[in-house]
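Here the structure comes first, spelled out in structure tokens, and everything after it is commentary.
The values are calculated or read from the model by the stated rules, or taken from the named source; none is laboratory data. Just so you know, these numbers come straight off a predicted model, no measurement behind them. All Cβ positions, even for glycine, are placed from backbone atoms using ideal geometry, and neighbour counts span all protein chains on display. Please note that ligands, DNA and RNA were not included when accessible areas were found on the heavy atoms of the full protein model with its side chains. Shrake-Rupley method; radii C 1.70, N 1.55, O 1.52, S 1.80 Å.
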Amino acid sequence: MPYFAKLLLLIFCLVLLVESRKHRRRRWTSHLDVQRASHIFKRNRDLTKAWKGKTEQLLRVNEHDFTMRPAFGGPAIPVGVDVQVESLDSISEVDMDFTMTLYLRHYWKDERLSFPSTNNKSMTFDGRLVKKIWVPDVFFVHSKRSFIHDTTTDNIMLRVFPDGHVLYSMRVTVTAMCNMDFSHFPLDSQTCSLELESYAYTDEDLMLYWKNGNESLKTDEKISLSQFLIQKFHTTSRLAFYSSTGWYNRLYINFTLRRHIFFFLLQTYFPATLMVMLSWVSFWIDRRAVPARVSLGITTVLTMSTIITGVNASMPRVSYIKAVDIYLWVSFVFVFLSVLEYAAVNYLTTVQERKERKLRERFPCSCGIPHSKTMMLDGNYSESDANSLAGYTRNQMVPEEEKPEKMVVHLAMSNESNSSRKRGLKSHVGLRIIQNTHAIDKYSRLIFPGTYIFFNLIYWSVFS
């Protein structure tokens, strides 16, 4: 037993020795860490950011009533504004609005936030302190939707200087209304504006102004839109009056956009022009080819209707005529007139055939010549048909003024073959074959293209 007790005592002493060494080592390591941290703190020490308790105590946030504006009861507090436009996201013609992402910055002086400093360094905070101090209540006039970005935290920055000057910055995306004029669409230019104004404070309490004039507005050089060319950004300011509350300072961010025309040339103007030109093909088709000319006219009319419907589907329902409407509807009228032109040709042809039928009834015989044969020649006879007339002699014809396109020829049978008479009849039939179109078709071949070219010259000179 004494030997076993001595062994236990020895083990206990060894354990105590090991634990005491571990404790000394931990104390030594902690002492070195404290010395190292103290050295780093002394080397990078910033007196304005030295810990003197809570930030609210350093800025004396709890000692003042920040629900009131700075210098309450005195003159209006000036609040400078500058903006950096990050992106112009979209322009909607249907909704008449635009979406813009920007950095909005405010500058003012609040002596209640001044603090002692030896090197005039500023203090920077995030959005948590903004809720405890006074900030300008600027809002976007005519805004439909707007929000402050909150990924990964609220995109808000507050920078306070020792003399009380404050910089308040936030990243905002806003969708605002833009009154657009589409009378020259798609050859138009649009001017939109984003308006900033204090909601509660009139010009007697808060004076909004652009901090550096036109230099207060900065834009990213990479800003671009698919349908518009951004021509310029500029700033303006003026007073806005409300009958119930008074006068307010209002700031404007104005930008001018010019629409790219090439997309509409490919999608609207070229197809419409081609349809008009396609409708002119019917003027060169034989007037007796009714299915060909009717189907061509109906196809071009329906295609023009589809183009007009597609353009108006992507536009707001305005109560005035747009430039593209003028072009499309004039083109539609040209296509429709080409269909009416064939209707007139077909009607006049029917009237002529009726007159010729009456003439044949009026002259039923060949003036007593035996073995006579009466034939009606028109432009549909081929050369072989003309050659088959070699054994006939021409006896009597209807006067030219009564048969502009067709002729009634009374041919008498002859047993003798005369080569000279054959050549004369052959040349006469060939002449009639050449003249197989109506006079209206001949005039339309010149009038329709000439009038449409003249319209295009006037249209592009006025709207471009």
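Here are the numbers for the structure shown:
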{"read-out": "Matching strands (runs of 3 or more DSSP E) fully within the stretch 201-319 where at least 3 residues are open to solvent by 50 Å² or more (accessible area, probe 1.4 Å) and at pLDDT below 95", "value": "228-242"}
{"read-out": "For Leu206: the one exception among (1) touching a Ser or Thr at 6+ places or on another chain (Cβ under 6 Å); (2) under 17 Å from Phe98 (Cα atoms)", "value": "(2)"}
{"read-out": "Any strands (runs of 3 or more DSSP E) falling wholly within the stretch 96-190 and containing at least 2 residues that are in the same structural domain as Phe228 (by the TED database), under 33 Å from the mean Cα position of the chain (by Cα) and not aliphatic (A, V, I, L, M)", "value": "97-109, 138-141, 143-148, 165-177"}
{"read-out": "Per-region count, the stretch 107-125, residues of a type in the set (A, V, I, L, M, F, W, C) and either over 20 Å from Asn62 (Cβ atoms) or open to solvent by 70 Å² or more (accessible area, probe 1.4 Å) (or both)", "value": "1"}
{"read-out": "Residues (under 30 Å from Val318 (Cβ atoms), open to solvent by less than 60 Å² (accessible area, probe 1.4 Å) and touching a Pro at 6+ places or on another chain (Cβ under 9 Å)) located in the stretch 58-106", "value": "Glu93, Met96"}
{"read-out": "First in the stretch 316-337 and over 23 Å from Gly297 (Cα atoms), second anywhere and outside any loop (DSSP other than H, G, I, E, B), Cβ under 7 Å, 6 or more apart", "value": "Ala323/Phe463"}
